[in-house]
1. Within the stretch B:99-110, restricting attention to residues that are in a loop (DSSP other than H, G, I, E, B) and touching a strand residue (DSSP E or B) at 6+ places or on another chain (Cβ under 8 Å), which residue is nearest to the other protein chains (Cβ to nearest Cβ)?
2. Which condition from (1) surrounded by 24 or more Cβ atoms within 10 Å (Cβ to Cβ); (2) at the interface with chain B (Cβ under 9 Å from one of its Cβ atoms) is the one that C:C437 breaks?
3. Return the total of residues in the stretch A:45-89 being of a type outside the set (S, T, Y), more than 12 Å from every other protein chain (Cβ to nearest Cβ) and within 12 Å of the chain's Cα centre (by Cα).
4. Identify, please: which residue in the stretch B:96-118 is over 13 Å from the mean Cα position of the chain (by Cα) and under 23 Å from C:H431 (Cα atoms) and is, among those, surrounded by the most Cβ atoms within 10 Å (Cβ to Cβ)?
5. Any idea which residue in the stretch B:11-25 is surrounded by the fewest Cβ atoms within 10 Å (Cβ to Cβ), counting only those that are within 7 Å of chain C (Cβ to nearest Cβ) and either closer than 20 Å to C:R421 by Cα or without any contact (Cβ under 8 Å) to a residue 40 or more places away in the chain (or both)?
6. As an exercise: evaluate B:H69 against (1) closer than 30 Å to C:E444 by Cα; (2) without any contact (Cβ under 8 Å) to a residue 60 or more places away in the chain and give the number of the one condition it does not meet.
7. Filter the stretch C:107-143 for residues that are surrounded by 22 or more Cβ atoms within 10 Å (Cβ to Cβ) and of a type in the set (S, T, Y) and give the result.
8. With the stretch C:389-440 as the region, which strands (runs of 3 or more DSSP E) entirely inside it contain at least 1 residues that are β-branched (V, I, T) and in contact (Cβ under 8 Å) with a residue 24 or more places away in the chain?
Amino acid sequence: MSNVFIAFQRNEETRAIIDAIVADNPQAVVSQQPAMVKIDAPGHMVIRKSTIEQELGREFDLQEMQVHLITLSGNIDETDDEFRLTWNQ
Amino acid sequence: MSVTSVAAYDFPPKDGADKFPAPLLYIGWEDHKMFCAPFCVPVPPATKFGDFVTDALPGMFSPHPDFKHIDWNKTEWFLSGKPFKPDMGKTMVENGVGHKSVVRFRTPGLTGLGNSCF
Amino acid sequence: MDMKASKKLGLKERYTLMTRDLAWTPTYQAVKDVFPLTEYEGIKIHDWDKFEDPFRMTMDSYWKYQAEKERKLYAIIDAFTQNNGHLGVTDARYINALKLFLTGITPVEYMAHRGFAHIGRQYPGAGPRVACLMQSLDEIRHAQTQIHSLSNYNKYYNGFQNWRHQHDRVWYLSVPKSFFDDAVSGGPFEYIIAIGFAFEYVLTNLLFVPFISGAAYNGDMGAMAFGFSAQSDESRHMTLGLEVIKFILEQDPANLPIVQAWIDKWFWRGYRVLTLVAMMMDYMLPKRVMSWKEAWEIYAEQNGGALFADLARYGIKVPKGWEQACKEKDHLSHLAWNTFYSYGMAAPFHTWAPSEKDMEWLSAKYPDTFDKYYRSLWTHYAREQAEGRRYYSTTLPMLCQICQIPMIFTEPDDPTKIAYRESDYKNIKYHFCSDGCKSIFDLEPGKYVQSWLPVHQIHQGNCFPSDVDPGKPGFNPLAEVLRWYRISDGIDNRDYADSPDKQNFETWRTQATGN
């Protein structure tokens, strides 16, 4: 099973996003690199608005991720509540 | 069709022989990649192959320490990759070397810096 | 007053209303007259509404988030400039990577802007049209922010000042320039497969992620800021590339062979351009994040492998040159840096032989190849330089007709032999560095016989300033080419060890750390 991944700039806001991803994706592997963080997960990954809001302690629009995103890999499906990455294999 | 295009598409090549002061020759020394790529030089067609070897090659290849050890009698030549025996007393044209020909030479026993082929 | 608050619309509805519902079908003119370029490439599209933009980004939120990115970026750049941030980089050797970036990459960001504006206009479907419009705006933003950020370095260091002039002239810059010119002169479908899919999805991670992470690692907050700001748009670009390819393949089975041929071509074209990135990563960064080989394994082999496994359900195969590219990962950067080292007179940045410590790193990262093939070259150069004989080649190299890189590449299974390929077309010989470049030529020879090859142009006498007479005694062709390039010999070029940049950096750094 191939990995999907997503990478963010390393800053205060993405710390909460990453914590949320780890909470929702037990198989996710986080790798810290200079100024960035890359998260890999086998086959699929889900990013949930509600979990990020819990971590941040405020409302969060998933499209706010656009400001911090560096790159990603996998087929995307985005709704108001969830952002999903998957490989169909 | 030589190009996928919206209409007829036919333009002259940029590098025909008539565009240059003399035909271009590409020349490479096998197993000596310190010279990162073969060289590209214009060579008048009436130049004798032997004169090209004596007069032009040192300027390009002598910075390599192997150059002074070359035995030109044992050198192997290739034209467009195929073995070829140039007649040193004859001209480029007479030797079949034309515009944009690739000539390579191999110097048996000499294999570059620390035998690395560089 | 009795007010009833209406429920906020969901993302999907907003996207439909703000994108699809704003489009219309023309009635005064025939659709094919309004969009005249959609058929000649042979791609068949039956229903443009089937295109899905999974980000569902609407123009209003696009402006909102882009504005926020800009505000963050310029705040960082101001802080960096105010604090003389350029003196905080690891070493002024690093700054040469920025010169390579500004001359080689920034102008093609601008070309990407033009390309996406053009194809956005040509697509009859509202979904891809809006996505292309956004990407077009992103790309011009990238060009502008890069120019702004790097202008700060231009105040202190040599080699930045003529980037635009040089992009159209200098030999190695014809590599990225011809790549993009090739893409924008294709049709709207070839362009999006070339740039949107092959470059953005398969290869762009190799350009931006290690480069920008490398900038951060070497203390360059300025380049890190513009790089990540640009990169934050890339996810959208990559997604466009992937969605477009799926859309085209789902529309008609006849599209598959055309798309596969473009993937083969553009993977190879893009991969060859990345040769410059390979050497930047392994040789130009004083502190390295990862080797080219490691980056290739992560972003090409693993990620690209996953992508092509996903696309296999449409019948798409791994691009033709894939296997060779994987074999070259052990060699690419070394061959490239030797090229720039040898022709270090003719590039507007500095080069150097790696130090003993650099070589230890290279040897550890390339255990199978560095000591065996490349170490003795650098040791030789260093020894020559110590004895006052810094090697500069003064004879022009043979170039590949397609990628326009000097013929430095070796046979895939024999790293000691330079690879030569040739084709005859209308009684003229054409030469290539690889099977990949040769097959691109053989498919469309009429296009590539027109390649503007810098070396041939010099020999044709087209690269001298207009005030000189090549027929006059004492004419020095190399000096005149440098003048035409606007490279100041001894200042912008040659070895870092002898450069004013090095001397200035050391002086300023001393002033910055004490009095």
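1. Looking only at the stretch B:99-110, we keep the residues that are in a loop (DSSP other than H, G, I, E, B), and these are B:99-100, B:107-110.
Among the residues that remain, those that are also touching a strand residue (DSSP E or B) at 6+ places or on another chain (Cβ under 8 Å) are: B:99-100, B:107-108.
Details: B:H99: 7, B:K100: 4, B:T107: 14, B:P108: 14 Å.
It comes out as B:K100.
2. Single failed check for C:C437: (2).
3. Within the stretch A:45-89, residues that are of a type outside the set (S, T, Y), more than 12 Å from every other protein chain (Cβ to nearest Cβ) and within 12 Å of the chain's Cα centre (by Cα) number 5.
4. Within the stretch B:96-118, the subset over 13 Å from the mean Cα position of the chain (by Cα) is B:107-118.
Going one step further and asking which of them are under 23 Å from C:H431 (Cα atoms), we end up with B:117-118.
On the way: B:C117: 21, B:F118: 25.
So the residue we want is B:F118.
5. So in the stretch B:11-25, the residues within 7 Å of chain C (Cβ to nearest Cβ) come out as B:11, B:13-16, B:19-20, B:24.
From the residues that got through so far, the ones that are either closer than 20 Å to C:R421 by Cα or without any contact (Cβ under 8 Å) to a residue 40 or more places away in the chain (or both) too are B:11, B:13-16, B:19, B:24.
Numbers: B:F11: 10, B:P13: 17, B:K14: 16, B:D15: 24, B:G16: 14, B:K19: 17, B:L24: 24.
Applying the filter and picking the extreme gives B:F11.
6. Result: B:H69 fails condition (1) only.
7. C:Y123
8. On the way: elements: C:414-418, C:421-425, C:428-432.
Qualifying strands (runs of 3 or more DSSP E): C:414-418.
The values are calculated or read from the model by the stated rules, or taken from the named source; none is laboratory data. Model, not experiment: these values are computed from the prediction. All Cβ positions, glycine included, derive from the backbone under ideal geometry; neighbour counts span all protein chains shown.
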